[in-house]
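Read the structure below first, then the notes.
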Amino acid sequence: MIDSCSSVQSGPLLVLHEALTKILVAITPVNTIEQVGLLEALGRVTAEALHSPIAMPFDRNAAMDGYAFASASAVVGQAFTLEVVGTAWAGLPFTGQLQAGQCVRIFTGAVVPLVADSVVMQEHVQVDGALVHFPADTACLQNIRAAGEDVQQGGCLVNSGKKLTAYDIALLASAGIAAINVKRRLHVTIFSTGDELAALGQALVTGKIYDSNRYLLLGLLADPTYHVHDAGIIGDDLPLLQQTLLAAAEVSDAIITTGGVSVGNADLVKAALAHCGQVAFWKIAIKPGKPMAFGNIGKTFVFGLPGNPVAVATTFQALVAPALEQLAGMRPKQRLRLNAIASSTLHKSKGRMEFQRGILSQDDEGVLRVSTAGGQGSHLLAPLSKSNCFIVLPAECGGVNIGDIVEAEPFAASI
């Protein structure tokens, strides 16, 4: 693709999938493993497939409160009566021997007696002392949870490379697993660049802006998979940038910078990276986010993101997040994109894939609709704060009318 918007370089740009492919081909996952307790495993990445040491459920058990009996004691199509000879409680099984013509009062989750194969809900019978009267339409062979119905003994609970959710933790706990092997956390260093940046707490003077990008990245990286080091704000000083990159590369798996990757005289990050390591590419055919650099310093991967905050958000979700997932040992997942009806007119010029900020909603009939969140300048944070998705417009798109179908990509934190 030729970028018609560049006044300095008119060479071909990488399209998004080409850039992502280049990144993922370059990245080998970390291989260091550590064992953690189950509660510390939330959000961590499994180092191996985990199998159940037991059948789940461990025993056959009742799916509801009622009466357990052997279907051989029933008379098909006729009412019948059985004698209650005991009770099976959850955690306190019936220990007797169930004979023909007998049943057991049973509660949800209780172990079903050995010869019983049916449980009938208590509301469907009539009890008269020690006798239980079953109606003619009694359904047998129901309401029993089979041992191993959820997971067989030895069955796979979670695969290797799985980022553990609360649901995974519950599943592992139900199998009695107290500790697991996970990939170590990634060490990620971030810093912002630019003489124009002021730290929070400083009085703002003309020509300065507060640094929001580090706070954006710290929020996006607030995840148990990552151990993040904030290196602060680095000014437009080439030797200092080189020193900062080299120091970070000594202790990091990945470095993420913001600013300094465009074509201005003060855009020094790409030059510093080229001096310290290698630059694989530095321009991609998306808007916002064209001036993004990717490279490495030894075994440390470097992502040089643009300075505008919306471009930081776009390139992080589209490229950095999948890269970090693979580096951490996960299989990068395809980003979810949903077809939605445009509720707003969307302006766009042909040439680059565009990520506009949108508000995705579902109407009373279940139809997905998306509207613009406001101004689409890459420096505008208020529309980004209001939005919950990117509206992804292909390079050949020249604008969208109300009622057109577009693709909406929910923010990672919104799904």
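The values are calculated or read from the model by the stated rules, or taken from the named source; none is laboratory data. What you see is a predicted model; the values in this text were computed from it and never measured. Heads up, the Cβs are rebuilt from the backbone with ideal geometry, glycines too, and the neighbour counts pull from every protein chain shown.
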Exercise. Quickly run through the range 294-332 and pick out the residues that are at pLDDT below 95 and small (Gly, Ala, Ser).
Key: 307
Quiz item: Within the range 99-136, how many residues turn out to be closer than 14 Å to residue 78 by Cα and free of Cβ contacts under 8 Å to residues at least 60 places away in the same chain?
Solution: 4
Quiz item: Applying the selection to the range 211-253, what residues are part of a loop (DSSP other than H, G, I, E, B), surrounded by fewer than 21 Cβ atoms within 10 Å (Cβ to Cβ), under 26 Å from the mean Cα position of the chain (by Cα) and of a type outside the set (A, V, I, L, M)?
Solution: 212, 223, 224
Exercise. Within the range 179-199, identify whether any single residue is without any contact (Cβ under 8 Å) to a residue 24 or more places away in the chain, exposed (fewer than 14 other Cβ atoms within 10 Å of the Cβ), not in a loop (DSSP other than H, G, I, E, B) and not aromatic (Phe, Trp, Tyr), and answer yes or no.
Key: no
Quiz item: Looking at the range 206-229, which of the residues that are hydroxyl-bearing (Ser, Thr, Tyr) and in contact with a helix residue (DSSP H, G or I) (Cβ under 9 Å, 6 or more places away or on another chain) is farthest from residue 46 (Cα to Cα)?
Solution: 212
Practice problem: Could you pull out the residue among 173, 116, 178 that is within 30 Å of residue 28 (Cα to Cα), at pLDDT 95 or above and outside the structural domain of residue 254 (by TED's automatic domain parsing)? | Solution: 178
Quiz item: For the range 1-27, what are the residues that are part of a loop (DSSP other than H, G, I, E, B) and at pLDDT 95 or above?
Solution: 15, 27
Practice problem: Would you mind stating whether residue 78 is polar (S, T, N, Q), within 17 Å of residue 140 (Cβ to Cβ), assigned by TED's automatic domain parsing to the domain that holds residue 138 and part of a loop (DSSP other than H, G, I, E, B)? | Solution: yes
Self-check item: Given (1) surrounded by fewer than 20 Cβ atoms within 10 Å (Cβ to Cβ); (2) of a type in the set (Gly, Ala, Ser); (3) in contact with a Phe, Trp or Tyr (Cβ under 8 Å, 6 or more places away or on another chain), index of the condition residue 96 fails
Solution: (3)
Quiz item: Could we say that residue 289 is at positive phi, surrounded by fewer than 21 Cβ atoms within 10 Å (Cβ to Cβ) and in contact (Cβ under 8 Å) with a residue 24 or more places away in the chain here?
Solution: no
Quiz item: under 28 Å from the mean Cα position of the chain (by Cα) and either in a strand (DSSP E or B) or within 30 Å of residue 329 (Cα to Cα) (or both) - does that describe any residue in the range 53-71?
Solution: yes
Exercise. Give the residues of the range 400-415 that are part of a loop (DSSP other than H, G, I, E, B) and more than 27 Å from residue 209 (Cα to Cα), sorted by residue number.
Key: 401, 402, 403, 404, 415
